[in-house]
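First comes the structure, then the notes that go with it.
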Amino acid sequence: MTFPTKTIVLIRNTSSDRIEDTNDFYQKFKDTLKQSNLKKEVELVRALDLGIYKKGNCVRILPENIVYQQITEEDIKRIITVTLKQGKVIKDLQFTAKAEQKRIVLRNCGRIDPENIDEYIERRGYDGLRNALKKSQQQVIDEIKESKLRGRGGGGFPTWMKWTFAKSQKTKQKFVICNADEGDPGAYMDRSLLEGDPHAVLEGIIIAGFAVGASQGYFYIRAEYPLAIARVNQSIKEAKKRGFLGENIMDSSFSFDVEVRLGAGAFVCGEETALIASLEGKRGTPRPRPPYPSVKGLWDKPTVINNVETLANIPFILSQGGKVYAQIGTEDSTGTKVFAVTGKVHHSGLVEVPMGTTLRQIVFDICGGLPNGRNIKAVQTGGPSGGVIPDEYLDTPVEYGTLQKLGSIMGSGGMIVIDDTDCVVDLAKFYLKFCVDESCGKCAPCRLGGYQMLRILEKITQGKSSMEDLEKLSSIAKAMSRASLCGLGQTAPNPVVSTMHYFLKEYHEHIQEHHCPAGVCKSLMIYEINQDMCRRCGVCQRVCPANAIRGDRENGYKIDIEKCTKCGSCYDACKFDAIRRD
């Protein structure tokens, strides 16, 4: 099976966000291409983002992935003649990034029609399944073992080991579940994969079913993803028609079927045992382990649960080989990882990089750094269960072990960049509130401990706490992490613990000085009018919803601190920077 031969040229002006800059260059390239009689062989695409910044007119040529920078109109003919016609690289135009994305999981996203199985097959789709069926179950597991693939759902458990446990169980009925219950705030990796390349995940779950001896698989997808649900259902229908799913798959003795089940949006159902309970029609609450699902899972049968990204890696490993996959990334963390990078970053979006890429490379080299010249303060990884890593550790390689040492986790792949206008106390409060709201309430450490920690954080941001509250936070956090029933309660204190560790001074300022250095916590703000700068226009008085500004044009204006609700309306309305916020 070969890849499509048509060349695609992605075009983008990276020095400006003005669309006309790209349009002019695009039109010139298109006209020159037409003159060269290559219009049918080459497709031009105006790209929204090339992952390259401040390098002028840039093009990325696919599938060779040749990137040229600082291109002038005079260079267009050279690119067409030397590269597009002769297949040679122009060294003086070539762009070499300090860090580049490497797409394995996202290899087909944006390059194929996700509703057309033929386009997936053209890009070696179902080759992994074909190779797997030529092997024994143990040989397939051995291939995964050689790849050293670890679960991408957050825990990082070796995939081959989970499959081995399930395979060793002597029962007629076994299950494989794809966990697509993506609940982290700001995370959309699973959604993008299911919408952009559903067959890759489906192929992964079929291979997993063969390896462990299962006959039934389930996609557990949150109901808020209607397009993902539709495309997965479509891929299941197409795969059945082509013989990749159902009875005697690809003329083998292996039979396997897959169905879609919808989740109701409970964050706790991302935990394996809670997901199983939900799938069985029960309330989605976790149960103690062991026994683990691979031994006693869905309807008490051995069950393998892998998340979307984990399964999307499987076809690549079975088609290219576990040894090839293991050469990507680091010794402890092989392969690539997909991150949803959001927050105070110039170009947010999905990023797939080899394990071991540093936080600095992701934030600055791939995502273009911070907008408006702001200074980076920290990077939060791992979603509500993760930690906050300060800027002094930006050169840390992103892998399971290093992040854990810093008090954070890989998680499913959420990554939020925060700058000096963000308050870490407020951030910790936001994530803790999310966990408190999403707690199933089954165990007391999570149900009571999370609520008590949240109340303390609220007091700190309101200027009503004391230094003893920090000791209480630490004590409750330890109890929750040790005694909670599932991962939600065990990891919920992580954002609080990590911010207290790295930004203790900021907590002290909130408590002792009643001051929020980032100017985020409204209860700690004080608004004053600088009489020397005030032009006495009266705008602040007119926009104040609390009538907290006294005075007139003749005598000047003053803010009544007792009546001020600290909404910031006067601060935003003043055109002369006469209102000071502290």
- Tell me which of these Leu227 doesn't satisfy, since it passes every other one: (1) within 23 Å of the chain's Cα centre (by Cα); (2) closer than 18 Å to Asn306 by Cα. (2)
- Note on the structure: Checked against (1) of a type in the set (Lys, Arg); (2) outside the structural domain of Ser498 (by TED's automatic domain parsing); (3) in contact with a helix residue (DSSP H, G or I) (Cβ under 7 Å, 6 or more places away or on another chain), Lys433 satisfies every condition except (2)
- Counting only residues that are polar (S, T, N, Q) and part of a loop (DSSP other than H, G, I, E, B), which one in region 169-199 is surrounded by the most Cβ atoms within 10 Å (Cβ to Cβ)? Gln169
- Note on the structure: The one condition Gln320 fails out of (1) under 30 Å from Ile206 (Cβ atoms); (2) in contact with a strand residue (DSSP E or B) (Cβ under 7 Å, 6 or more places away or on another chain) is (2)
- So Lys34, is it assigned to a helix (DSSP H, G or I), more than 21 Å from Ser348 (Cα to Cα), modelled with pLDDT under 90 and not assigned by TED's automatic domain parsing to the domain that holds Phe210: yes
- Kindly list the number of the only condition in (1) of a type outside the set (S, T, N, Q); (2) modelled with pLDDT of 90 or more; (3) under 19 Å from Glu309 (Cα atoms) that fails for Ile76. (3)
- Query: Within the group Arg152, Arg130, which residue is part of a helix (DSSP H, G or I), among the charged types (D, E, K, R) and in contact (Cβ under 8 Å) with a residue 60 or more places away in the chain?
  - Reply: Arg130
- Which pairs have Cβ atoms under 9 Å, sit 6 or more apart or on different chains, and link a residue in region 302-328 that is small (Gly, Ala, Ser) to one that is part of a strand (DSSP E or B)? Ala312/Val338; Ala326/Thr334
- Just need a number here: residues in region 63-88 that are buried (at least 16 other Cβ atoms within 10 Å of the Cβ) and touching a residue at least 24 places away in the same chain (Cβ under 8 Å). 8
- Query: Can you spot a residue in region 246-265 that is surrounded by fewer than 19 Cβ atoms within 10 Å (Cβ to Cβ), under 24 Å from the mean Cα position of the chain (by Cα) and either in contact (Cβ under 8 Å) with a residue 60 or more places away in the chain or over 16 Å from Asn179 (Cα atoms) (or both)?
  - Reply: yes
- Message: Any residue that is modelled with pLDDT under 95 and surrounded by fewer than 20 Cβ atoms within 10 Å (Cβ to Cβ) - is there at least one of those in region 374-387?
- Response: yes
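One line per residue, one yes/no per condition, for (1) of a type in the set (A, V, I, L, M, F, W, C); (2) touching a Lys or Arg at 6+ places or on another chain (Cβ under 9 Å):
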| site | (1), (2) |
| --- | --- |
| Ile141 | yes, yes |
| Phe165 | yes, no |
| Lys174 | no, yes |
| Gly209 | no, yes |
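The values are calculated or read from the model by the stated rules, or taken from the named source; none is laboratory data. Source: prediction; values computed, not measured. Neighbour counts are summed over all protein chains in view; Cβ atoms, including those assigned to glycine, are modelled from backbone coordinates with ideal geometry.
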